[in-house]
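Following: one structure in structure tokens, then a few remarks.
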Amino acid sequence: MMDITILGSTGSIGTSTLDVVRQHPEKSRVFALVAGKNLSLLVSQILEFRPRMAVVADTADLDELAHLLKGTGLAQSAWPALSAGAEARVVAATEEEVDFVMSAIVGVAGLEATYEAILKKKRIGLANKETLVASGGLVMDAVRRSGTELLPVDSEHNGAHQCFRAGQRSEVTRLILTASGGPFRETAKERMADVTPEQALNHPTWKMGRRITIDSATLMNKGFEVIEACWLFDLPTSQVEVVIHPQSSIHAMVEYNDGSVIAQISATDMRMPIQYAMTYPDRKKAPAGRVDWSEARTWSFSPPDFGRFPLLRLAYQAQNLGGSSTCTLNAADEIAVEAFLEGRIGFLSIAEVVEEALARVARRSPGSIEEVIAIDQETRAVARQIILEFGLRPVGVR
């Protein structure tokens, strides 16, 4: 029986992970649930899965969680241990009983807990991009030192992980990550200046959180995936390519030195890569749909337009620069996306803010997670200042 901690239990990856647990109760059980603000959903998860621990963001949420649990009629003796904050997240991820940690908290909030879990040799299912984007060098060094397994959950990296099993790493010539292209893959650049948050949030393939959906619309999300892939599979950016594949059926491809290309194909259901990470190296029947080969289908591929999607170019640039550049890239993007969603800047200005932040924030080589977090916080302050200095206006205002 595998005991698991879910960092981000009320998000889309967290709820999908719990569904995988639900499908195979004989294989795994929940040790700890770590959530943010969706306390009503957390309460229902506690009632169903009866974890040993439940962690929320702060003490105010902790009081509210206790109030909600009292309202359920569940005897207090049956409650999990309740706690809040960063230290509590670390405890939930590193307790001796924990075998597997699903890292799915959006942003750097889950970074420290994930890093400490790696040091404790816990197997990690990585669904949190910021862990490697912000601190890939530190994290992968910890993975090597501890000897644990870091298994990607993003559909593209999970697909790549499967493709790499087809040959020797020395035989690989390149990794190809697919991108749906988002809602604006055929939109002229001059029209993208007037894109609204509502339009950008209308992703054609996936249902995701607000920030990641905007990042998909700008292709920044794919840029983050390029950075992740470089760290996960020890590849230079020159060996990681992106192709636009609107149908999103092929998640990744690996080309070998004889010209063979191995592709990973599956339904667009995150429960499949989640289960793969939880059961690797074994495969189990997954609670996901199958590709129906009796249906006629057409798959198309095209190169990304770096001119229309400059954030993808900036991601490659930041990874090549090294050091803290990718941490700055991520933090500046989060602030810029937030400003766009609030109507304070235009869609194209997201890239302008990020590029300016990369120019202003000094690049260095962080030696600890604390330094990474400090660089993240510095960048956020710089990005907010850039937005003020730009004097940018809400969408539609000239």
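The values are calculated or read from the model by the stated rules, or taken from the named source; none is laboratory data. What you see is a predicted model, and the numbers here were worked out from it, not measured in a lab. Note that we place each Cβ from the backbone using ideal geometry, even for glycine, and neighbour counts take in every protein chain shown. To get the accessible areas, we keep the full protein, side chains included, count just its heavy atoms, and leave off ligands, DNA and RNA. Shrake-Rupley method; radii C 1.70, N 1.55, O 1.52, S 1.80 Å.
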Selection count where residues are open to solvent by 10 Å² or more (accessible area, probe 1.4 Å) and not basic (Lys, Arg), scope segment 219-229: 1
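This table checks each residue for (1) aromatic (Phe, Trp, Tyr); (2) exposed (fewer than 12 other Cβ atoms within 10 Å of the Cβ); (3) part of a loop (DSSP other than H, G, I, E, B); (4) touching a helix residue (DSSP H, G or I) at 6+ places or on another chain (Cβ under 6 Å).
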| residue | (1), (2), (3), (4) |
| --- | --- |
| Ala252 | no, no, no, yes |
| Thr268 | no, no, yes, no |
| Met278 | no, no, no, no |
| Lys284 | no, no, yes, no |
Taking Thr131, is it at pLDDT below 95, open to solvent by less than 10 Å² (accessible area, probe 1.4 Å) and either closer than 25 Å to Ala92 by Cβ or not in a helix (DSSP H, G or I) (or both)? yes
Inspect all residues belonging to segment 294-315 and state whether any of them is among the polar types (S, T, N, Q), in contact with a Lys or Arg (Cβ under 6 Å, 6 or more places away or on another chain) and touching a residue at least 40 places away in the same chain (Cβ under 8 Å). no
Could you figure out which of (1) modelled with pLDDT under 95; (2) open to solvent by less than 10 Å² (accessible area, probe 1.4 Å); (3) touching a Leu at 6+ places or on another chain (Cβ under 6 Å); (4) farther than 27 Å from Ser266 by Cβ isn't true of Ala193? (2)
Please enumerate the residues belonging to segment 321-343 that are farther than 15 Å from Arg211 by Cα and outside any helix (DSSP H, G or I). Gly322, Gly323, Ser324
Tell me whether segment 6-14 contains one or more residues that are of a type outside the set (A, V, I, L, M, F, W, C), in a helix (DSSP H, G or I) and under 19 Å from the mean Cα position of the chain (by Cα). yes
Subset of segment 289-320 (residues that are touching a helix residue (DSSP H, G or I) at 6+ places or on another chain (Cβ under 8 Å) and either assigned to a loop (DSSP other than H, G, I, E, B) or surrounded by fewer than 16 Cβ atoms within 10 Å (Cβ to Cβ) (or both)): Pro304, Phe306, Gly307, Arg308, Phe309, Asn320
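Could you pull out the residue among Glu342, Glu389 that is charged (D, E, K, R), at pLDDT below 95 and more than 23 Å from the chain's Cα centre (by Cα)?
Working: Glu342 fails: more than 23 Å from the chain's Cα centre (by Cα).
Being charged (D, E, K, R), at pLDDT below 95 and more than 23 Å from the chain's Cα centre (by Cα) holds for just one of Glu342, Glu389, which is Glu389.
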Being assigned to a helix (DSSP H, G or I) and open to solvent by 20 Å² or more (accessible area, probe 1.4 Å) narrows it down to one of Ser83, Ser77, so name that one. Ser77
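Kindly indicate the residue of segment 367-377 that is surrounded by 13 or more Cβ atoms within 10 Å (Cβ to Cβ) and in contact with a helix residue (DSSP H, G or I) (Cβ under 8 Å, 6 or more places away or on another chain) and also farthest from Ala86 (Cα to Cα) among those meeting that condition.
Initial filter on segment 367-377 (surrounded by 13 or more Cβ atoms within 10 Å (Cβ to Cβ)): 369, 371-376.
From what's left, in contact with a helix residue (DSSP H, G or I) (Cβ under 8 Å, 6 or more places away or on another chain): 369, 372-373, 375-376.
Numbers: Ile369: 13, Val372: 15, Ile373: 12, Ile375: 18, Asp376: 16 Å.
Taking the candidates together, the pick is Ile375.
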Any idea which of (1) part of a helix (DSSP H, G or I); (2) crowded, with 16+ Cβ neighbours inside 10 Å is the one Ala381 doesn't satisfy? (2)
